[in-house]
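A.B. asks: Structure below; questions to follow.
Bear in mind these aren't lab numbers, they're just calculated from the coordinates by the rules spelled out. All figures in this text were calculated on a predicted structure; none of them were measured in a lab. FYI the Cβ positions are ideal-geometry reconstructions off the backbone, even for glycines, and counts take in every protein chain you see.
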Amino acid sequence: MVHRATLITYGLILLTIIMLICIFHATGYDQRPEYFEWAILYFGSAIIQAYAAIIAVPFTIWVIYMQSRYGYILVRLFLNRVIYPFTILGIITIVTAITMSLEKTVYAYHAFMIELTVSLLFLPPIIQYIRSLMTMSPENVVRTLRKASGTIEEFIATSLHVLRLVMVEEYPEEKAINNILKMIYENTRDIEKLKLYPDVYHKFRDLLKTIVYEGTYLPDVYLLKGLMRNFMIWLVRSKKERIIRSFIRYYRAISLRYMEERLPSEGIEDLFLEPVIDTLKALKAKKSLLGYALDQLIALLNKVKRAGTIGDITSLEMCHITNIVEKHVSGLEMLKEYEKLRRLINEIRGEFLCVY
């Protein structure tokens with residue numbers, strides 16, 4: 001869609017060209033080609049230098065800015081964006097070379113008008129390009145990455161990297177964070193089709209560490225929950241047990257982090273029970289993994305219990321947490337860790353006088 005300002009600019013350019021044609025015709029200069037000989041040479045030389053500067057300076061500033069904000073690896077994926085402005089520069093150079101070669105011919109006037117028209121007509125698109133380049137939002141960066149990345153795995157890894165960098169900025173854009181998270185989540189819906197690409201889960205682990213330790217803005221819980229669940233499915237399918245165990249620990253820490261801004265029962269259910277316990281049960285994971293997940297759940301409940309003891313969590317909420325946990329661990333009674341979890345649940349219910 002063409003911007004209104006661009007249309008106005010083109011209108012002014014057209015009006016200027018028509019006025020010049022009328023002036024040259026009224027004064028009779030359009031019949032004197034020798035009048036335009038030096039004008040073609042000087043104007044053509046100035047136009048090429050001016051466009052080279054207009055393209056080079058903003059692009060250089062943009063590269064420095066992008067590299068400082070996102071890193072050199074990301075800038076590499078944007079190198080194809082230089083094709084457009086340099087194509088315009090190439091066209092202007094060719095047209096100018098042709099018009100300059102006609103300076104001492106009877107076509108000098110027409111050559112000058114062509115040179116002037118081309119130089120003015122390419123000005124709005126180059127300005128619009130520079131404007132869009134210098135005001136590129138994090139969401140647009142991720143959209144460009146989707147087109148520039150060779151594989152979906154590379155896109156997910158680089159997008160997770162961008163998301164983490166946006167989150168640790170001094171004044172993070174909440175809307176941008178959730179929009180990027182949504183784009184990543186939508187590209188992991190078919191997580192089982194992804195190839196085993198280590199950089200993907202390394203970047204996701206870095207994102208989880210950032211949320212836990214950096215005190216950043218907390219992304220939308222439902223988008224994060226979906227992404228966490230998809231990654232757990234991917235890792236279980238890929239049989240990466242050591243990595244799964246480390247992710248379970250991070251999921252436990254994430255749920256504790258979200259308890260600062262949400263109800264503890266929601267944080268535990270949305271960010272640990274559903275993406276970990278329910279996922280492992282649905283995929284019929286190894287008993288060793290299920291047992292480890294229950295151990296981490298016990299550690300999580302012990303922290304919650306201490307918070308309830310000092311009054312940070314109400315008794316009603318503590319009782320609600322035990323009911324939710326009991327519902328999600330149903331069917332795991334055959335595990336030895338289940339009995340330890342059952343005793344802890346009973347302790348909490350007894351201490352907080354739960355009615356069940």
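A.B. asks: What's the exposure ranking of 101, 149, going from fewest to most Cβ atoms within 10 Å?
C.D. replies: Least to most surrounded, the residues fall as 101, 149.
A.B. asks: Going through the cross-link list 284/336; 182/305; 175/284; 203/284; 303/340, which pairs have a Cα-Cα distance over 25 Å in this structure?
C.D. replies: Violating the 25 Å limit, Cα to Cα: 182/305; 175/284; 203/284.
A.B. asks: What aspartates and glutamates does residue 327 reach when the alpha-carbon gap must be under 12 Å and sequence neighbours fewer than 8 apart in one chain are set aside?
C.D. replies: Within reach: 269, 274, 278.
A.B. asks: Most mobile of 41, 301, 20 per a Gaussian network model of the chain (Cα springs, under 10 Å)?
C.D. replies: In this elastic network of the chain, the residue with the biggest mean-square fluctuation among 41, 301, 20 is 20.
A.B. asks: Shifting gears a bit: With +1 on each Lys and Arg Cβ and -1 on each Asp and Glu Cβ, how big is the dipole of the range 228-328 about its Cα centre, in debye rounded to the nearest 20?
C.D. replies: Here the size comes out at about 760 debye.
A.B. asks: Further question: Order these by the 10 Å Cβ neighbour count, fewest first: 279, 151.
C.D. replies: So the ranking, lowest neighbour count to highest, is 151, 279.
A.B. asks: Picking from 348, 107, 185, whose Cα lies most toward the positive end of the charge dipole for the chain (charges on Cβ: Lys, Arg +1; Asp, Glu -1)?
C.D. replies: Looking along the dipole axis, the top candidate is 348.
A.B. asks: Between helix 138-148 and the chain, what is the angle of the helix's C-alpha long axis to the longest principal axis, kept within 0 to 90° and rounded to the nearest 10?
C.D. replies: Compared with the principal axis, the helix lies near 80 degrees.
A.B. asks: Say each of residue 245 and residue 327 gets a label point 7 Å from the Cα, pointing the same way as Cα to Cβ; how far apart are those two points in nm?
C.D. replies: Distance between label points: 3.2 nm.
A.B. asks: Which order do 62, 38 fall in if you start with the one that has the fewest other Cβ atoms within 10 Å?
C.D. replies: Fewest to most other Cβ atoms nearby, the residues stand as 38, 62.
A.B. asks: Please list, in order along the range 259-275, the HN-Hα scalar couplings obtained from phi with the Karplus expression 6.51 cos²θ - 1.76 cosθ + 1.60 (θ = phi - 60°), rounded to whole Hz, x for Gly and Pro.
C.D. replies: 5, 6, 10, 10, 4, x, 4, 5, x, 5, 6, 6, 10, 9, 4, 6, x
A.B. asks: Can I ask one more? With +1 assigned to the C-beta of every Lys and Arg and -1 to the C-beta of every Asp and Glu, and no other charges, what is the dipole magnitude of the chain about the Cα centre in debye, to the nearest 20?
C.D. replies: 1460
A.B. asks: While we're here: Residue 7 to residue 199: extension gain in nm, 0.36 nm per residue of separation minus the Cα-Cα distance?
C.D. replies: Gain on stretching residue 7 to residue 199: 64.6 nm.
A.B. asks: Pick the calculated Cα Rg over 2.2 N^0.38 Å for this structure from (i) 1.86; (ii) 1.03; (iii) 1.53?
C.D. replies: (iii)
A.B. asks: Using the beta-carbon distance between residue 137 and residue 262 and R0 = 25 Å, what value does 1/(1 + (r/R0)^6) give for FRET efficiency, to the nearest 0.05?
C.D. replies: It comes to 0.35.
A.B. asks: Sorted by packing (mean other beta-carbon atoms within 10 Å per residue), highest first, where do 287-299, 193-205 land?
C.D. replies: In descending order of packing, they fall as 287-299, 193-205.
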